[in-house]
Amino acid sequence: MVSLLPVKSSMLAAIGYDPASRTLAARFNNSNYVVHFKDVPPEAASQVTAIGADQSIGRAFNEHIRGKFDYTQIPLEDEAVGEAEHV
C-alpha cells in the first residue's frame, strides 16, 4: 500500500513511495486513476518525493520517472486526494 500526499503541481495531484515494494505512486491532476511505477530505486524516487518547494515536481517526475519504469494504472472509486490517501 502506498500513501499518497497531495502536492502543488500543474501536472500531479499527489505522489508517494513505498520502499518495501519499490513502488512510486502518482495521481495526475484531473485523472480518475493512480499510476504505480514498478521497481523504482529509492534514489530515483527521492528525486521526486523530496523536491524543494522552489523546484518543479513535474519536471523532476519527467526527468527521473516517466518512460523509465513499467507501470500499472489503478482506477479510483471517486476518491478525492486528502491529507493522505492509501492506494
Most mobile listed residue (PHE69, PHE61, PHE37) in the chain, GNM with C-alpha springs under 10 Å: PHE69
Computed helical MRE - 222 nm, the chain, DSSP H runs ≥ 4 contributing -39500 (n - 2.57), nearest 500: -5000 deg cm²/dmol
Determine the gain in length on full extension of the stretch SER3-SER56; use 0.36 nm per residue of separation and subtract their C-alpha separation, reporting nm with one decimal. 17.0 nm
Surrounding charge for PHE61, neighbours by C-beta under 14 angstrom, Lys/Arg +1, Asp/Glu -1, total +4
Correct option for Kirkwood radius over Cα pairs in Å [calculated from the coordinates] among [x] 14.1; [y] 12.7; [z] 16.0: [y]
Quick one: length gained pulling ASP70 to SER21 fully straight, 0.36 nm per residue minus the C-alpha distance? 16.3 nm
The summed charge of the PHE37 Cβ neighbourhood (under 13 Å; Lys/Arg +1, Asp/Glu -1) stands at +2
Two pseudo-spin positions, 7 Å from Cα along C-beta at MET11 and at GLU77, lie apart in nanometres by 3.1
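Taken together, the values in this text are just the output of simple stated rules run on the coordinates, not laboratory data. Computed from a prediction, not measured in an experiment: that's the story for all the values here. Cβ atoms come from the backbone with ideal geometry, glycine included; neighbour counts cover every protein chain shown.
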